[in-house]
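Following: one structure in structure tokens, then a few remarks.
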Amino acid sequence: MSTVGSLQPRPPLPGPIVADVAIVGAGYTGLWTAYYLARAEPSLRIAVVEKEIAGFGASGRNGGWCSALFPTPAPLLARRHGKAGVVAIRRAMEATVDEVGRVAAAEGIDCDWAKGGTVTLARTPAQLRRAEAAVRETEDLVLLSADEARKRCGATRVLGGTYTPNCAAIHPARLVRGLARAVEARGVTIYEGTPALRLRKGAVDTPAGAVRAPVVIRATEAYTSGLPGLRRAIAPIYSLIVATPPLPDAFWVDAGLAERETFSDFRRLIIYGQRTADNRLVFGGRGAPYHFGSRTRPEYDSEPRVFEALRRTLADLFPALGSVPLTHSWGGAVGIPADWSASVGLDRSTGLGWAGGYVGDGVGTANLAGRTLADLVLGVESDLTALPWVGHRSPHWAPEPLRWVGVNAVRKLVTWADAARL
């Protein structure tokens, strides 16, 4: 957040109020929903309540990939909805990347937007086989030779890779903070420092009183588990990130990323990186433990063991960084549904709407969710409301201690498989 500007909180809810739409959570999902609702119906009274400040959660802490990656695995979508459903989601997500860029430009949001695509490297024979399989399954992916992949991202031991143009690198905190200002300019009120104690038909209960509204939208992602009755709805899994200082031109001659491509590789435990507008490398990955009872606490944002693993991985990818000190490190929780399936919907009988379960791919998906929720709230039938993730209900996670054992066992198994280069 050091490059964002003022983080002075907005005033909290002063007391009970009445609105047309109440939104819980001032991250991407809540703010995009408010933005499109206010643009379509300027007369709507829209109130957003946020426990901390706008962008406090994953929206302000992510690795800055605005991608067309949809959280639900394509094979799972195909089994449920056929190939047509997969294609519809893919096309919607591809358009979403450009939509985020369009709005950022139109609203004057300086978020370092650069649509350089994503290069995913294959650095072992097993990863190369996965790259070849991914190209067979995904229309927008191009298989790269070793030389082609190295020209885009000059990491070590590159055997090949894939490339898609459908991703933009962004400064995530600037996007979410700018979006908050844009929705306020359209008449939306954001109440920060206002935790939601309970969501119910027709109201959001807070310590200052209720926000009464016929439509209540839950946009709380990884923090959903802290709401009454929803502890098992989402498992918050921590993703951690490090950043280098601005790097000299000599480094980028070999490292590439000339178009600010986002980059990853085909290992099983997710890593992700980008070249920032000021020539830093921002690099993150999974590996932090799941905490018993789906707890989210500030101290979980810092895992020295994982930060050190990220530093070693960076040095393995780019040996020139081995002696470069890291200037920033941070983390945050992403929301994982039990069936790994993102969803968006509105229960018309109660007026309760929701979106989330982005599995770490929420920058673009949250925009699609916001546009979809706006149509659902306004009763507009559209291509968005017909998409196959609309109305999906994920099952709840198993109770503890089964949840803790299962999630952490999978994490350890994936870590072992990568160490064995499987």
Can you compute log10 of I(q)/I(0) for the stretch 263-422 with the Debye formula, treating each Cα as one identical point scatterer, at q = 0.21 Å⁻¹? -1.37
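Taking all pairs of different Cα atoms in the stretch 142-285, averaging 1/r and flipping that mean, what Kirkwood radius in angstroms comes out? If you can, show how the numbers build up before the last one.
Working: mean 1/r = 0.0524 Å⁻¹.
Kirkwood radius, the stretch 142-285: 19.1 Å.
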Using just the helices of the chain, give the 222 nm mean residue ellipticity in deg cm²/dmol: DSSP H runs with n ≥ 4 each add -39,500 (n - 2.57), and the total is spread over all residues, rounded to 500. -10500 deg cm²/dmol
What share of the DSSP beta bridges in the chain is antiparallel, in percent to the nearest 5? 70 percent
Once all Cα-Cα distances of the stretch 264-343 are split into 5 Å bins that start at 0, what whole-number percent is in each one? 3, 11, 22, 23, 19, 12, 7, 3, 0
What are the principal axis extents of the Cα atoms in the stretch 105-169, in Å, biggest first? 45, 26, 15
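One-quarter of the Cα convex hull surface for the stretch 12-76, in nm²?
On the way: hull surface 25.8 nm².
Value for the stretch 12-76: 6.4 nm².
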So, with points 7 Å from each Cα along the Cβ direction, the Ala95-Ala258 label distance in nm works out to 3.4 nm
For the chain, set up a Gaussian network in which alpha carbons nearer than 10 Å are linked by springs, and say which option among Arg305, Arg286, Arg186 fluctuates the most. Arg305
Say R0 is 30 Å: what FRET efficiency, to the nearest 0.05, do Phe292 and Ala315 get from their beta-carbon distance? 0.35
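Which percent of the accessible heavy-atom area of the chain goes to carbon and sulfur, probe 1.4 angstrom?
Details: 9950 of 17430 Å².
Carbon with sulfur: 57 percent of the solvent-accessible area.
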Centroid-to-centroid separation of the stretch 235-261 and the stretch 25-46 [C-alpha atoms, Å]: 33 Å
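How much length would be gained if the chain were fully extended between Arg393 and Thr350, taking 0.36 nm per residue of separation minus their Cα-Cα distance, in nm to one decimal? Walk me through the numbers before you get to the answer.
Values: separation 43, 0.36 × 43 = 15.48 nm, distance 1.55 nm.
Result for the pair: 13.9 nm of gain on full extension.
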How much accessible area does Asp316 have with a 1.4 Å probe, in Å² rounded to the nearest 10? 50 Å²
Along the positive direction of the dipole of the chain (beta-carbon charges: Lys, Arg +1; Asp, Glu -1; about the Cα centre), which of Leu373, Ile234, Ile89 reaches farthest? Ile234
So between Ser302 and Ala417, what do we pick up on full extension, going 0.36 nm a residue minus the alpha carbon distance? 39.0 nm
Are there trypsin sites (Lys or Arg not before Pro) in the stretch 192-243 that DSSP puts in a loop and that have at most 13 other Cβ atoms within 10 Å, and which ones? Lys201
Tell me, in nm to one decimal, what length is gained between Leu7 and Val142 on full extension, where the rule is 0.36 nm per residue of separation less the Cα-Cα distance? 44.5 nm
List the relative contact order of the chain as a percent without decimals, with contacts defined as Cα pairs under 8 Å and 6+ residues apart. 24 percent
If one computes the Cα centroid of the stretch 166-193 and of the stretch 302-346, what distance in Å separates the two points? 23 Å
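Relative to the Cα centre, what is the charge dipole magnitude of the stretch 265-334, using +1 at the beta carbon of each Lys and Arg, -1 at the beta carbon of each Asp and Glu, and rounding to the nearest 20 debye?
On the way: 10 positive and 7 negative charges, 34 e Å.
It comes to approximately 160 debye.
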Between the stretch 56-71 and the stretch 373-422, how far is it from one alpha carbon centroid to the other, in angstrom? 15 Å
Whole number in Å², please: accessible area per residue of the chain, 1.4 Å probe, ligands, DNA and RNA not counted. 41 Å²
Per residue and in Å³, how big is the convex hull formed by the alpha-carbon atoms of the stretch 95-222? 181 Å³
From the coordinates shown, Cα extents along the principal axes in Å corresponds to which of [x] 73, 48, 43; [y] 74, 60, 39; [z] 59, 46, 41: [z]
Compute, for the chain, the length of the dipole vector about the Cα centre, with Cβ point charges of +1 (Lys, Arg) and -1 (Asp, Glu) only. Units Debye, rounded to 20. 1020 debye
Taking the Cα centre of the stretch 227-303 as origin and charging only Cβ (+1 Lys, Arg; -1 Asp, Glu), how large is the dipole, in debye to the nearest 20? 600 debye
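The values are calculated or read from the model by the stated rules, or taken from the named source; none is laboratory data. Here the structure is a predicted model, which is why all the values come from computation and not from measurement. With ideal geometry, Cβ positions are generated from the backbone for all residues, glycine too; neighbour counts draw on all protein chains shown. When the accessible area is computed, the model is the full protein with side chains, heavy atoms only, and any ligands, DNA or RNA have been set aside. Shrake-Rupley method; radii C 1.70, N 1.55, O 1.52, S 1.80 Å.
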